[in-house]
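The values are calculated or read from the model by the stated rules, or taken from the named source; none is laboratory data. Just so it is clear, the structure is predicted and the values come from calculations on it, not from any experiment. Cβ atoms come from the backbone with ideal geometry, glycine included; neighbour counts cover every protein chain shown.
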């Protein structure tokens, strides 16, 4: 009924009917409440009503009253998204049943009086505590970070989830924390170097390497003294700024500090919960400088930033133990490194011709921003110069490490062609979203500076900028009317296995698109044979190898929330054997955990998806056993 | 911190505040990408850093900033002590810094004040230097809505009151430790720390967090109609009455208004927060209210078809800093349509960007209701014309393209801040399309920098027989002004001299400021208000400096914005020396300062 209706509306939009029927009365009403998970009203939330029809997007916003109530009246029949937002709360919508879940649009017919259209909202939590030094004095204006235990590409990872700086009392408070499991730590990054910002500009070399691909998320503290003072060589730690000490002697510093140990002591935050008293005392320990010389095969290695991070975090960088900048001869010294295994990484981000980096601020934090990324058109923004990189393991025992020799190497590029299997009109380069093709890390890590890939102007090719070596998937989000069929390199399917990029360019990737989508549609019924509106249909591959290391988003997994009539439609899938099961949406939290998938597999129906075919499956709502 | 923030603002693509609130710019420092090998010498400076209670301050960074590569940073130990050994002979600014404290500078009377500098010679041992820091003061408070509920993510800002050139009282952003634009946390709480003892204004800035664009309010009566009479506080109760269509229209769009401490939208009427040194003031509560937003509709009346125009809508607020201008650089069509405006006074002006120079403007006051029928009538814009005279023996510039003549605005704020550029043909010039307002006539000749060619500078501007050199000229719509004569000279007027300290040493760590004695010249971007830094021998020079009577003063610290602050300039007059310079004269003025080297 809803779908039919949508088609009728689309037709009406496309052509004026010869004898236009009277327009439907704009007299429908929708009303409900915004409630928290316990059923208490959420007052002063903004409820917006968006017409769910594509182009003509109009939005009306109302504020809920003390009882969480809202309504919209004088509505034309149609499909609407009803969304609720409030600062300090997770955005929500009608039909959303878990904090990470999805809602569904509401269908409204002529003369409707649609009540009890309630929206559940989850309040964000907070993590707070005090940071003091070994004498109990507050440490002021230092950064505290929170990481959340998150399922990434089928494995548990600690992922950056927010940060705050301590105030004059040493108190920090990380607000806006979603329900989940957290650890808090003080990165205590020791920065060293000598740098002066040129008047009216930021040093480009410094910015290019400050937040490179595969380095820690960095929130700048402009006062950090990273800038030095008129070229003074300095070292900055959480204890203050000083001139650089000798690079061949032990040094007292405060190492990174965790409340507990990463992966062990963590805090589970429920919706709206605040966890106070996560206090830490930072103590001085003996650390060692790590020094050496960085060489750039072409040009100067001056003013480049090197990152030293824990070897265990190499593939998911969370913070730098130390950050150093080179002098004009490429020399560098990291300070404050406790004994342990580390990785030094330098990544010099390539820039498009004429591209320039700047610094953008967002609240208390500032970020490096490339202006060439924002340029519309895309194709012209592809850098031609290589990405320069080096990753070097270093073990620190109880002595300074000296005379390291690091040489930057150029990163490989990826390119290929796009083939269209189907008679539909082929899109040219303009029809392609300039960000539609991505190179995703196989382990799901998403950096602030993801590799750039652009579709060619003819729409029949694509090429990437030079990238950091590693395991990648080529992921494609085709233009409207086209669907991904395969990605092949030298006869290998590289949808399900990543491409291990080393030093060589890869030029002959073939992306094939089809104009016929392959997906699964159907209805979900409850035990009472009524449409199960609370359900979500989970689809995942039969092959267990594909349950991990699938990149940021698996092309073979989907959680399709049923609509207001209990109907579902999956995203387009590539051919293969799949499991599918309908479960109550609120029980689907972290369903992509391989342990959960193994349980689900036993209860699931197995289906085969074939190229260009839409299959129909009706499902019964299941309880996860 | 201040230096750091200036960079931030310079790069922020979408600067959060208007340009005038940009923090002080660091003095242009040379780019050094050469190894920062500290020069070594034989002098030693040691001492202690104490707070306002004479207790030692641990882990303060003590920076020695001297000539060239002589810079050094020492960290104080647990007794507040610091040592800088092997210092080369130089004059040093010594500064102790620690987050949450007001800076302690050598030679300063109080923490947070500029100091004097210390000159050390080879082999000197300067011990027992005491740097005074002060624990910064704190303002803490909360932002709540009409019902006392915390507002999360609201931007709160601390300001100080300043007086701008032209006599307008304004407010200025205070930049301190932590963020300059702190947002309230999940409890609605904000906290500024590290503040100097001073008087502050605290306000929630007019920038609203995400998801709080204008909203409509639902009345109790409407909610009763819809939810039924039995609708109760027990939110799970299901009404048994049939829902009815609500009666009455929707409220106008509403949004949270900017508010200052003391429940006012006028920052100057706000309750000021006076902080003693190190004071911690809590309980500063800001109450935000929803106010209606309204739209403005109207037409632009002019020739048919209407040429392409630029349109400026300026919201006139109690202080210039908060005034917001919406500028559409190129638009066609007669329809005026501005939705979602905050109530207040506005000036709407239009100016053609192609074809004949036409301009018009209207003012209106917006309450909570939509305003229809606003009219902007395009009229021929004002024009000024005149001739250019080169008074001097040198060769006149052969290329008129090197002569730049413009009408420059005399205030930094509001409408038409870009100068209006004139057209020069031979000895004649014309500036058309001039919007009503106050301007000064500015002129310059770009030098070809060939040796032997004269450098021409503006020496006088006559409006009819009135001398308006560097003075504001009021221009009204459609007005034709008397012919203007702009005279350039190739004999520059100059003022120079030396800064000498009481002990006979040259003063180089100063800013020398030249300021016209006549306050009428105190306008924005005046070429008569200037600052220079002396060289290492204390020598300074202003060249060219327009002839006139000046007050000359030397200060140790100059922040961007100081030369635009009426209060600052008036304070300066008291500590200055007056000198008159005739056209073409080169005068010498040596300034003897009381500050010593120790």
Strands (runs of 3 or more DSSP E) contained entirely in the stretch B:253-343, each with at least 1 residues that are touching a strand residue (DSSP E or B) at 6+ places or on another chain (Cβ under 7 Å) and more than 14 Å from chain A (Cβ to nearest Cβ): B:280-287, B:294-301, B:309-316, B:324-331, B:335-341
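Of all residues being at pLDDT below 95 and touching a strand residue (DSSP E or B) at 6+ places or on another chain (Cβ under 9 Å) in the stretch A:404-429, which is nearest to residue A:312 (Cα to Cα)? Just the residue, please.
Restricting to residues being at pLDDT below 95 and touching a strand residue (DSSP E or B) at 6+ places or on another chain (Cβ under 9 Å), the top hit is A:429.
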Qualifying position, being over 15 Å from residue A:154 (Cα atoms) and surrounded by fewer than 19 Cβ atoms within 10 Å (Cβ to Cβ), among A:615, A:604: A:615
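Out of the strands (runs of 3 or more DSSP E) lying entirely within the stretch A:318-400, which hold 2 or more residues that are modelled with pLDDT of 90 or more, over 18 Å from residue A:297 (Cα atoms) and more than 13 Å from chain B (Cβ to nearest Cβ)?
Here the list reads A:322-325, A:331-337, A:340-348, A:388-396.
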The stretch B:91-112: number of residues that are at pLDDT below 85 and on the phi > 0 side of the Ramachandran plot: 2
Any hit, the stretch A:96-113, residues being under 18 Å from residue A:35 (Cα atoms), within 14 Å of chain B (Cβ to nearest Cβ) and assigned to a loop (DSSP other than H, G, I, E, B): no
Residue among A:181, A:137 that alone is over 30 Å from residue B:135 (Cβ atoms), surrounded by fewer than 21 Cβ atoms within 10 Å (Cβ to Cβ) and either at pLDDT 90 or above or within 14 Å of chain B (Cβ to nearest Cβ) (or both): A:181
Answer from A:457, A:465, A:480 - the residue that is touching a strand residue (DSSP E or B) at 6+ places or on another chain (Cβ under 9 Å) and either modelled with pLDDT under 95 or more than 25 Å from residue A:103 (Cα to Cα) (or both): A:465
Some residue of the stretch A:553-570 being at positive phi and not assigned by TED's automatic domain parsing to the domain that holds residue A:151: yes
Filtered residue count, the stretch A:568-601, keeping only those that are assigned to a loop (DSSP other than H, G, I, E, B), surrounded by fewer than 19 Cβ atoms within 10 Å (Cβ to Cβ) and under 26 Å from the mean Cα position of the chain (by Cα): 4
Test: residue in the stretch B:206-220 that is closer than 27 Å to residue B:133 by Cβ, modelled with pLDDT of 85 or more and in contact with a strand residue (DSSP E or B) (Cβ under 9 Å, 6 or more places away or on another chain): no
Which numbered condition residue B:407 fails, given (1) over 30 Å from the mean Cα position of the chain (by Cα); (2) surrounded by 18 or more Cβ atoms within 10 Å (Cβ to Cβ); (3) assigned by TED's automatic domain parsing to the domain that holds residue B:431; (4) assigned to a strand (DSSP E or B): (1)
The one condition in (1) touching a strand residue (DSSP E or B) at 6+ places or on another chain (Cβ under 9 Å); (2) at positive phi that residue B:355 fails to fulfil: (1)
Whichever residue in the stretch A:51-68 is touching a strand residue (DSSP E or B) at 6+ places or on another chain (Cβ under 7 Å) and modelled with pLDDT under 90 and, among such residues, is nearest to the other protein chains (Cβ to nearest Cβ): A:60
Residue B:93 vs. criteria over 30 Å from residue A:170 (Cα atoms) and part of a strand (DSSP E or B): no
Positions within the stretch B:502-529 being surrounded by fewer than 19 Cβ atoms within 10 Å (Cβ to Cβ), within 15 Å of residue B:561 (Cα to Cα) and modelled with pLDDT of 90 or more, in sequence order: none
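When the stretch B:68-89 is examined, which residues are found to be within 17 Å of residue B:40 (Cα to Cα), within 12 Å of chain A (Cβ to nearest Cβ) and touching a strand residue (DSSP E or B) at 6+ places or on another chain (Cβ under 9 Å)?
Matches in the stretch B:68-89: B:68, B:70, B:71, B:72, B:73, B:74, B:83, B:84, B:85, B:86, B:87.
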